[in-house]
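Asker: Just dropping this structure here.
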Amino acid sequence: MDKKKWTMQENFIFPSEAGMPSEAVSLRVTPGFMEERTEQAVRLSGIYHIAAEILFTEEGPAGELEDQDAAVLIEDVEMDGNRGYFEYAVPLHIDLPPEAKSPIHVTAMRERSEEDGQGSIGIVWDVECEFNEAVAEAVESSSLRQVAEAVETVETPEVVHLTEEEEEPVPSPIVLAEEIQEEEALAEEPVAQEETATAMAESMNDSTSYQGSDEALSFIAGLEDEYSTTLFRLNDIFIKQKG
């Protein structure tokens, strides 16, 4: 939080029939402003509103002011006995650095009056302007710049380039296809051999059975016609066969 302080003063004179101003018995200064921002500065524009009640004596002004422009003539004074009330607006212009951030507070304090004894009275007040500076954003921007610089300075990984002797040849798509076909053929060869062996075994079994059947038929055909001594049951009649 940053604060700036300074002092303001405005001198006033009044009509001669009001009397000689001696002091301010009631005094209040209220600042009001609008904020305008540019790249170069932050400008506050407004007024200091003065509301004062002045105590007058019966004596008139002591003489003419040497510098009439040094005081503001207040013709509209609301008199109540020896007291007169008036209001006045003093222009407010405050320039702040561009880092000043909202909210900005302007306060008038220690209002007081000063008499010169020549018929004018000075209204004096202290001004305090309070605001925040964009320190955090500045620090953040600085940090971002440092990070970016650090990233730029990081060494890039070293790339190793192989020479012609060290580089391995990359097989062409045709060679790759042939190698794949050869691998598939080698993988299928044991299966084919197994299937062939199984078929051969089955064929041998069938041939043996056929050969055995032919030999049995030949043996039966060579037997002589004879009677059997074995008894067979035929229609519940036992017949003795000749031997």
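The values are calculated or read from the model by the stated rules, or taken from the named source; none is laboratory data. None of these values were measured; they are calculated from a predicted model. All Cβ positions, glycine included, derive from the backbone under ideal geometry; neighbour counts span all protein chains shown. Note: areas computed on protein heavy atoms with side chains; ligands, DNA, RNA excluded. Shrake-Rupley method; radii C 1.70, N 1.55, O 1.52, S 1.80 Å.
Asker: Between residues in the stretch 84-108 that are within 12 Å of Leu44 (Cα to Cα) and residues that are open to solvent by 60 Å² or more (accessible area, probe 1.4 Å) and of a type in the set (Phe, Trp, Tyr), which pairs lie under 7 Å by C-beta distance while being six or more apart or on different chains?
Answerer: That search, which allows pairs on different chains as well, returns Leu92/Phe33; Val106/Phe33.
Asker: Show the residue pairs that are 6+ apart or on different chains and have beta-carbon atoms under 8 Å apart, the first residue being within the stretch 24-46 and on the phi < 0 side of the Ramachandran plot, the second being among the polar types (S, T, N, Q).
Answerer: From residues that are on the phi < 0 side of the Ramachandran plot, the pairs are Ala24/Ser113; Leu27/Ser113; Pro31/Thr107; Phe33/Ser45; Met34/Ser45; Glu35/Ser102; Glu36/Ser45.
Asker: Among the residues of the stretch 80-121, write down those that are surrounded by 15 or more Cβ atoms within 10 Å (Cβ to Cβ), of a type in the set (A, V, I, L, M, F, W, C) and closer than 18 Å to Arg28 by Cα.
Answerer: Phe86, Val90, Leu92, Val106, Ala108, Ile121
Asker: Output the number of the condition that Asp76 fails; it satisfies all remaining conditions of (1) under 19 Å from Ile13 (Cβ atoms); (2) at pLDDT 90 or above; (3) loosely packed, with under 15 Cβ neighbours inside 10 Å; (4) in contact with a Gly (Cβ under 8 Å, 6 or more places away or on another chain).
Answerer: Asp76 satisfies every listed condition except (4).
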